[in-house]
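Student: Quick one: the structure is below, and I'll ask about it shortly.
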Amino acid sequence: MSDYQQVTVAEVVRETEDAVSVVLDADFDYRPGQFLTLRCGEVARCYSLSSAPGLERPQVTVKRMGYGSTWVCENIEAGSVLDILPPAGVFTPKSLDDDLLLFAAGSGITPVMSIIKAALARGTGKLVLFYANRDENSVIFANQLREMAGERLTVIHWLESLQGLPTARHLTALKPFTGYQAFLCGPTPFMDVVNQALRAMGVPRDRIHVEKFISLSGNPFEEVEVTEEDGEEATVAVDLDGQEHTFPWPRNKKLLDLLLEKGLDAPYSCREGACSACACRIERGEVKMLQNEILDQEDLDDGIILACQSLPVTDTVRITYT
Ligand SMILES: Cc1cc2nc3c(=O)[nH]c(=O)nc-3n(C[C@H](O)[C@H](O)[C@H](O)COP(=O)(O)OP(=O)(O)OC[C@H]3O[C@@H](n4cnc5c(N)ncnc54)[C@H](O)[C@@H]3O)c2cc1C
Ligand code: FES
């Protein structure tokens with residue numbers, strides 16, 4: 001069974017007609033923009049923390065869509081106990097002092113809200129948020145954003161009901177901010193448009209950070225299958241949290257399974273190639289990934305791999321999590 005934690009729900013706050021925030025009576029470390037994995041009835045789903053670490057109680061914000069989110073909206077109330085996996089994910093600014101150009105659509109505001117609150121409280125940079133929604137009533141955190149907007153935070157609302165869907169041409173108005181670090185979260189068509197606009201405005205790939213909201217197909221709370229070892233082992237050197245470790249790596253063992261078995265605190269969530277929580281960079285050698293639903297070609301070209309899906313190809317491999 002995965003290493004999960006049980007937390008009590010302190011409060012459920014209705015944000016819009018179809019979105020709720022679930023406030024947890026818990027205290028744990030995380031970075032702004034990270035997510036939790038929740039057991040939702042028969043399935044597991046990832047939900048970004050919309051709270052700012054250290055400033056308030058942790059909370060996730062869930063928009064009702066299909067089975068998992070409806071389960072949360074209908075079953076969770078103050079006093080409920082939730083099974084959660086530790087915070088994970090790489091959708092988080094390197095420095096809260098950076099200038100940030102943030103794009104969110106619908107429930108994609110969740111991790112962005114966490115980043116905004118943390119950056120306003122602890123950072124010094126300028127923040128520009130482009131926030132698209134179906135109509136006025138579906139804008140999650142409308143009041144909080146109004147209160148936070150000011151010298152450091154500019155909020156640009158886009159309502160589909162009034163303005164139609166945003167296009168790459170509309171987004172060129174944001175050209176003055178293309179020197180900022182860009183963070184994008186929302187439905188795939190929205191992110192495709194934003195990505196296209198940013199690239200057309202000359203924003204390099206390493207300044208564009210993307211969080212994709214997809215549903216897990218497996219359940220990381222269930223028993224993890226352990227495969228039998230066979231054949232000659234490879235060797236892997238891993239740089240994690242400033243420490244270097246070297247292990248023999250059985251050819252049919254996934255890298256994440258190996259690292260956890262060796263007692264390393266390697267990050268993960270879904271264990272099925274869908275969330276990028278386990279992303280790391282390959283510095284030497286080659287691996288093959290059994291499944292990859294999240295990294296794009298540019299990530300792969302940059303040497304990013306998913307530890308939960310990687311098997312060794314070469315005899316020696318070097319990986320870093322920094
Ligand atoms: C890192 C990460 C962070 C996330 N953060 C958030 C967050 O902060 N807030 C949030 O609300 N969500 C978030 N999500 C998305 C969330 O995990 C779920 O994907 C979302 O809640 C939908 O799950 P569901 O079980 O309710 O819907 P599902 O049952 O998985 O359905 C999802 C969508 O697909 C449609 N669908 C389902 N089955 C079919 C089918 N057979 N044919 C056609 N359409 C179908 C549904 O109608 C629905 O529109 C995040 C996801 C990830 C990976
Ligand atoms: S743990 Fe989700 S992609 Fe590896």
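The values are calculated or read from the model by the stated rules, or taken from the named source; none is laboratory data. For clarity, every value in this text was computed on a predicted model and none was experimentally measured. Don't worry about glycine lacking a Cβ; one is built from the backbone with ideal geometry, like all the others, and counts go over all protein chains shown. Remember, those area values only see protein heavy atoms, side chains included, never the ligands or the DNA or RNA. Shrake-Rupley method; radii C 1.70, N 1.55, O 1.52, S 1.80 Å.
Student: Using a probe radius of 1.4 Å on heavy atoms only, what accessible surface per residue do you get for region 5-87? Whole Å² is fine.
Tutor: In whole numbers, region 5-87 has 44 Å² accessible per residue.
Student: While we're on this one: When the accessible area of region 100-212 is computed with all protein chains present and a 1.4 Å probe, what percentage of it is carbon and sulfur?
Tutor: Within region 100-212, the accessible surface is 52 percent carbon and sulfur.
Student: Which of rounded, prolate or oblate describes region 100-212 when judged by the alpha-carbon gyration tensor and an a/c cut-off of 1.5?
Tutor: Verdict is oblate for region 100-212.
Student: In whole percent, how big is the carbon plus sulfur part of the accessible area of region 5-87, probe 1.4 Å, protein atoms only?
Tutor: 42 percent
Student: What is the Cα centroid distance between region 244-284 and region 102-145, reported in whole angstrom?
Tutor: 33 Å
Student: Checking the a/c ratio against 1.5 first, then a/b against b/c, what shape does the Cα gyration tensor give for region 234-320?
Tutor: Because its axes are fairly even, with a/c under 1.5, region 234-320 counts as rounded.
Student: Order the peptides 254-264, 107-117, 202-212, 148-158 from the highest to the lowest mean number of other Cβ atoms within 10 Å of their residues.
Tutor: Ranked by mean Cβ neighbours within 10 Å, highest first: 107-117, 254-264, 202-212, 148-158.
Student: Here is a further query. If you count only protein heavy atoms with a 1.4 Å probe, what accessible area per residue comes out for region 100-212, rounded to a whole Å²?
Tutor: Ligands and nucleic acids excluded, the result is 44 Å² per residue.
Student: Report in % the part of the accessible area of region 233-306 that belongs to carbon and sulfur, leaving out ligands and nucleic acids; probe 1.4 Å.
Tutor: After summing per-atom areas, the C and S share lands at 40 percent.
Student: About the Cα centre of region 5-87, how large is the charge dipole given +1 on each Lys and Arg Cβ and -1 on each Asp and Glu Cβ? Please answer in debye to the nearest 20.
Tutor: Magnitude of the dipole: close to 240 debye.
Student: Could you tell me the calculated FRET efficiency between Asp135 and Glu77, based on Cβ-Cβ distance and R0 = 35 angstrom, to the nearest 0.05?
Tutor: E(calc), rounded to 0.05, equals 0.80.
Student: Taking the Cα centre of the chain as origin, work out the dipole magnitude from +1 charges on Lys and Arg Cβ and -1 charges on Asp and Glu Cβ, in debye rounded to 20.
Tutor: Value, rounded to 20: 1300 debye.
Student: Another one. Dipole magnitude of region 100-212 about its Cα centre, charges +1 at Lys/Arg Cβ and -1 at Asp/Glu Cβ only, in debye to the nearest 20?
Tutor: Roughly 360 debye, rounded to the nearest 20.
Student: Would you calculate the separation in nanometres between label points at Thr320 and Leu290, each defined as 7 Å from the Cα along the Cα-to-beta-carbon direction?
Tutor: For the pair Thr320/Leu290, the computed spacing is 2.8 nm.
Student: Residues with beta-carbon under 12 Å from that of Val193, excluding Val193: net charge, scoring Lys, Arg +1 and Asp, Glu -1?
Tutor: So the surrounding residues net to +1.
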